[in-house]
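Here the structure comes first, spelled out in structure tokens, and everything after it is commentary.
Please treat every number below as a calculation from the coordinates, not as lab data. Keep in mind it's a predicted model, so treat the numbers as computed, not measured. Positions of Cβ are backbone-derived with ideal geometry, glycine not excepted, and every protein chain shown enters the neighbour counts.
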Amino acid sequence: MATATLPRPTATGPKLPEIRQTQLFIGGQWVPSQSGKTFETINPATEEVIASVAEGDAVDVDLAAKAARKAFESGPWSTMDARDRGRLMNKLADLIEEEGDELAALESLDNGKPIRDAKAADLPLTIDALRYYAGYADKIHGQTIPVRGNYFCYTRKEPVGVVGQIIPWNFPMLMVAWKWGPALAAGCTIVMKPAEQTPLTCLRMARLAQKAGIPDGVINVVPGYGPTAGAAVVKHPGIDKIAFTGEGLTAQIIMREAAPTLKRITFELGGKSPNIIYADSDLDAAAAGAHFGLYFNQGQCCCAGSRVYVEEKIHDKFIEKVAAMNKTRKLGNQLDPATEQGPQVDKAQYDKIMKYIGIGKEQGATMVSGGSRYGDKGFFVQPTLFDGVKDDMAIAREEIFGPVMSVLTFKDTDDIVARANNTSFGLAAAVWTKDVGKAHYLAKKIKAGTVWINCYDVFDAAAPFGGFKMSGMGRELGEEGLRAYTETKTVTVAMG
Ligand code: ADP
């Protein structure tokens, strides 16, 4: 991969989106933080500041939690018909669609993801998740229970209350939809803390929520850092539940800090997902799928197929195909519609990835392509392909969260099941084969929350997503995703 100077956006080239919301959104008001502090969000391609954003802290979280509580207990949200909640959610989805180009550009600018991906993936999935859950708002039913005796017994599904939602930077807008969708459908109110690297689309979506008519206080957004604003959300006694997406180590802190208030918790965490490619698969499709499954979003996906197990006899051909795709991959300015790979989100991620590339080399893996920085500005990492990786190497065991593919080989099904499961993670897996029996056998045997067969990264708002083992607790999306936002109340009535 040749080095190149990054083209800068020009009047004729990609247009920079306008930055409109940089303050906290509390109780329907745009306000500075109580401390007056701000933090900078940067463009990871140029390392230049995009905007200064109000930096929330414990006092701001407290105000947000109180606003959310008021909206939950006594505001119009608490008495609104479920169907009307759904109508407002649909309106929000419509507004996001109307401002789609602007939102996609903002997401691309703040996160570094190619604008083409923001438009083709993040935006439609965001809209879809909100519409899917809007449809659920008036379909959250209890049951009637045939108990012994002369009693009428029924259950009500009630909203869990005020929910604290802490999201990461890799799919900022989509994570907002995955979190707001089930919470709003269930009738909860929200204190959201977006990631410090990427607060801009979340703030823009809050503005659209207000424009859609979602009552003040239902959605509150407090940007800030994890150990301050995030920790305050976790500890706040007026918040009933935490939904967190991020790193396992952070989840362990959250679990400890949520213990004194016994909050309900759902986690969506990391992974080291095996992608298993048999010799009887369509190799072109498998290679393209494995490439997409790893390099998409600069490798910054919790479900990235980062352990690629290839059946021995097709190994050489597979490597050849992936290396060829890496060679032609277009890196550059994320706002350029031709760009296929943008920068990593920030310097910390860039450094972490480069460290793993160094460890991969040291531990004896063979570097087939990439391995270096791209360009001389921004946090670009060349698409990197390691061959000859062994199960015990760090690059086969630890989450890199970057464009680094580790290729291992396997002999047969017995060999691969044990090796695929030899990890503390269990988020996703994929199997490529034309043998239906083998595919379903592996789908059963692999301990992961999602198994893709002859495809990768296929998401749908209706299909539950989450992790086995240390990859998570609970599920997002689908009907299961709603459960975390409801409490079941049993009502028993003496008859006659
Ligand atoms: P990532 O590697 O994706 O940044 P993190 O788990 O560090 O993973 O961050 C995910 C989200 O969790 C971010 O919004 C971050 O600010 C927040 N966060 C980080 N540390 C804490 C913490 N101690 N308590 C609550 N939230 C935190």
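If you take all C-alpha pairs in the range 1-142, what percent of them are over 26 Å apart? Intermediate results must be reported in sequence, preceding the final value.
Numbers: 4525 of 10011 pairs.
Everything past 26 Å amounts to 45 percent.
Restricting things to Cα coordinates, could you compute the convex hull volume per residue of the range 71-114 in Å³? Don't skip to the answer; put the middle values down first.
Working: hull volume 4.2 nm³, N = 44.
Normalising the Cα hull of the range 71-114 by residue number yields 96 Å³.
With θ set to phi - 60° and the Karplus curve 6.51 cos²θ - 1.76 cosθ + 1.60, what are the ³J(HN,Hα) couplings of the range 372-387 in order, to the nearest whole Hz, using x for Gly and Pro?
Going residue by residue, I get 10, 5, 10, x, 10, 9, x, 9, 8, 10, 4, x, 10, 10, 9, 10 Hz, with x marking Gly and Pro.
Listed here are the pairs 70/241; 157/263; 139/211; 119/317; which of them are more than 22 Å apart at the Cα?
Numbers: 70/241 16 Å; 157/263 18 Å; 139/211 25 Å; 119/317 33 Å.
Going by Cα-Cα distance, 139/211; 119/317 fall outside the 22 Å limit.
Compute the acute angle (0 to 90°) between the alpha-carbon long axis of helix 172-186 and the principal axis of greatest extent of the alpha-carbon atoms of the chain; round to the nearest 10°.
So the inclination is approximately 30 degrees.
How do 372-380, 113-121 rank on mean C-beta neighbours within 10 Å, highest first?
Values: 372-380: 19.0, 113-121: 21.7.
The densest-packed peptide leads the list: 113-121, 372-380.
With a/c under 1.5 counting as rounded, go ahead and sort the range 332-393 into rounded, prolate or oblate using the C-alpha gyration tensor (a ≥ b ≥ c being the square roots of the eigenvalues; past the cut-off, prolate if a/b is larger than b/c, else oblate). Walk me through the numbers before you get to the answer.
Working: a/c = 2.81, a/b = 1.92, b/c = 1.47.
Cα axes put the range 332-393 in the prolate bin.
Let me see the P(r) profile for the range 295-403: every Cα-Cα distance counted, bins of 5 Å, each bin given as a percent of all pairs.
Bin by bin from 0 Å, the calculated values are 2, 12, 23, 26, 21, 11, 5, 1, 0.
Go ahead and estimate [θ] at 222 nm for the chain from helices alone: -39,500 (n - 2.57) per DSSP H run with n ≥ 4, summed, over the residue count, rounded to 500. Numbers along the way, then the final one.
Values: 16 runs with 179 residues, N = 496.
-11000 deg cm²/dmol, from helical runs alone.
To make sure I understand the rule: partners must be lysines, Cα under 26 Å from the Cα of residue 445, and not fewer than 8 residues away in the same chain. Which ones qualify?
Correct list for residue 445: 272, 313, 390, 411, 434, 469.
If contacts are Cα pairs under 8 angstrom and at least 6 residues apart, what is the relative contact order of the range 49-180 in percent? The partial results should precede the final answer.
Working: 103 pairs, mean separation 33.9, N = 132.
Value for the range 49-180: 26 percent.
What is the P(r) of the range 361-496, as percent of Cα-Cα pairs per 5 Å bin from 0?
2, 8, 13, 16, 16, 14, 11, 7, 4, 3, 2, 2, 1, 1, 1, 0, 0
Relative contact order of the range 87-141, please, whole-number percent, based on alpha carbon pairs below 8 angstrom and at least 6 residues apart. All intermediate terms of the calculation are to be shown ahead of the outcome.
Values: 33 pairs, mean separation 25.1, N = 55.
46 percent.
Which of rounded, prolate, oblate describes the range 142-291, given a ≥ b ≥ c as roots of the alpha-carbon gyration tensor eigenvalues and a/c under 1.5 marking rounded, otherwise prolate only if a/b is larger than b/c? Please list the in-between numbers first.
Numbers: a/c = 1.73, a/b = 1.25, b/c = 1.38.
Oblate.
Quick one: Debye curve from the C-alpha atoms of the chain, no solvent, what's log10 I(q)/I(0) at q = 0.10, 0.11, 0.12 Å⁻¹?
-0.77, -0.92, -1.07
Which peptide among 482-488, 435-441, 191-197, 415-421 comes first, and what is the full order, when sorted by highest mean count of other Cβ atoms within 10 Å? Provide the component values of the computation, followed by the final result.
On the way: 482-488: 19.3, 435-441: 13.3, 191-197: 26.0, 415-421: 17.3.
Ranked from most to least packed, the peptides come out as 191-197, 482-488, 415-421, 435-441.
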